[in-house]
Amino acid sequence: MNTRAIAVPFRRRFHSSRLAQIGLLFAVWLASEGFVRVVHIPIPSGIIGMFIVYILLAWGKVSPLSLRRGAQWYLGEMLLFFIPAVPAVTAHPEFFGLLGLKILAVIFLGTLSVMSATAMTVDLFYRWRVRHE
Amino acid sequence: MNEVAFWTSPAVQACGWSVMTIGLYLVVKRVYRRWGRWWQMPLALTPLLVIGVVLALHVPYRDYYNSTGWLIVLLGPATVAFAVPIYEQRGLIRRYWPMLGAGMLAGTATAIVTSWAFASLLGIDGSLRLSLLPRSISTPFAMNMARDIGGTADMTAVFVVITGVLGSILGEFMVTLLPLRSALSRGAMLGVAAHAAGTAKAHELGTEEGSVAGLLMILVGMLNVFGATIFAALR
């Protein structure tokens, strides 16, 4: 009875605290980082952590409410975390010229192709399914 | 302590660059929310401004990176956070997995083949060509994959950003150009080709497009990382 008196308000506060949930994501990530170092598997620790969280959610050990706010914030602000990687171009003066234009061309044409291939594939499957339902 | 030594001490520099980066990001986000022009997209404008400041002050990238690299490390827990949207969209996976899977495979194969082919055509080779391969997928996955296949992770991060910007601009035209019948295919197109930037665009098109894009962006990232891990192990 006593544990319940503590656990219920705690759970309620956890479900509304973005900071605590971000802390939980961090804890899982640190644990998987340690796991990867000890076991030496070539899988990024973030992905191991993702599987752990998914399994906890799927088995009902953790309610999605305990993570939703934290995860939403984190994924919404993800852009901030890779901005520091982008000024790497300043270390490569050769990109500010013909090579840079070539790279842009590769990315432009490649992106156009990926978009068409993905969209047409899914749409063909979709039409086929609609016709056979 | 004299003044020059204070301003050039590593701790002050680290704080200064971090505050500048986070500050620019917050300002650009507010500007975009207010006016919403495509060139004000935080994904495009923030890195450009940061590059501008770094170039204007003649700071070597190494110094900037040493001060702000901790932000990149925080992409690790972001990957963990992806578990929540996947779990919440599991109904979508169960219902449409054949076509979503087919779209992902087609998109990934196209991304790798076309990057390789166009790069070779234009005479780009070596680790630069390899760094171009993972550019369609989300940054945390792409940087891992770049390392595995022998590319350069920081170059890949740049290409990922350019792909996101181009993809979400192109997305606008592609939806009207291609004869697409389903929200599913529009979402898949944006999520597979242009990761988070595409997903944001997909959310503008509709809720279903947005969910599909967000889900596929994660799944396609995982598919690529696993593919690259196997490739690296076999090599």
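The values are calculated or read from the model by the stated rules, or taken from the named source; none is laboratory data. In this text the structure is predicted, and so the values were computed from the model without any measurement. Reconstructed Cβ throughout: ideal geometry from the backbone, glycine too, with neighbour counts over all protein chains shown.
Could you tell me how many of the residues in the stretch B:203-227 are under 16 Å from B:I86 (Cβ atoms) and either touching a residue at least 12 places away in the same chain (Cβ under 8 Å) or surrounded by 24 or more Cβ atoms within 10 Å (Cβ to Cβ) (or both)? Before you say what the answer is, go through the steps one by one.
Here is the first cut: in the stretch B:203-227, the ones under 16 Å from B:I86 (Cβ atoms) are B:210-226.
Subsequent filtering for residues that are either touching a residue at least 12 places away in the same chain (Cβ under 8 Å) or surrounded by 24 or more Cβ atoms within 10 Å (Cβ to Cβ) (or both) retains B:210-225.
The total comes to 16.
For the stretch A:73-83, the criterion of a residue being hydrophobic (A, V, I, L, M, F, W, C) and over 19 Å from B:L71 (Cα atoms) is satisfied by no position. Just one residue in the set B:A146, B:A142 is crowded, with 19+ Cβ neighbours inside 10 Å, farther than 30 Å from A:F125 by Cα and either at the interface with chain A (Cβ under 8 Å from one of its Cβ atoms) or not acidic (D, E) (or both); that residue is B:A146. Contact map, the stretch A:83-99: first residue closer than 24 Å to B:L24 by Cα, second residue among the polar types (S, T, N, Q), Cβ cut-off under 6 Å, separation 6 or more or different chains; pairs are A:I83/B:T21; A:I83/B:T46; A:P84/B:T68.
In this structure, does B:T108 turn out to be closer than 14 Å to B:L219 by Cα, among the β-branched types (V, I, T) and touching a helix residue (DSSP H, G or I) at 6+ places or on another chain (Cβ under 9 Å)? Yes, satisfied. The number of residues in the stretch A:91-133 being among the polar types (S, T, N, Q) and outside any helix (DSSP H, G or I) comes to 0. Only one entry of B:G69, B:G91, B:G101, B:G23 meets the criterion of being more than 24 Å from B:S185 (Cβ to Cβ), surrounded by fewer than 19 Cβ atoms within 10 Å (Cβ to Cβ) and either at pLDDT 90 or above or more than 10 Å from chain A (Cβ to nearest Cβ) (or both), and that entry is B:G23.
When we screen B:V80, B:V53 for residues that are in contact with a Phe, Trp or Tyr (Cβ under 6 Å, 6 or more places away or on another chain) and either within 29 Å of B:L234 (Cβ to Cβ) or more than 7 Å from chain A (Cβ to nearest Cβ) (or both), the only hit is B:V80. Would it be correct to say that B:L215 is under 13 Å from A:G110 (Cα atoms) and out of contact with any strand residue (DSSP E or B) (no Cβ under 6 Å at 6 or more places or on another chain)? Judged against the criteria, B:L215 is not a match.
Being modelled with pLDDT under 90, under 30 Å from A:V106 (Cβ atoms) and not assigned by TED's automatic domain parsing to the domain that holds B:E208 is a property that B:V59 has. Look at the stretch A:20-37: where a residue is touching a residue at least 24 places away in the same chain (Cβ under 8 Å) and a partner is of a type in the set (F, W, Y) and surrounded by fewer than 24 Cβ atoms within 10 Å (Cβ to Cβ), sitting 6+ places away or on another chain with Cβ atoms under 6 Å, you get A:A20/A:F14. Here the condition is being within 30 Å of B:V50 (Cα to Cα) and either more than 9 Å from chain B (Cβ to nearest Cβ) or not in a helix (DSSP H, G or I) (or both); of A:R37, A:R4, A:R69, A:R12, it holds for A:R69 alone.
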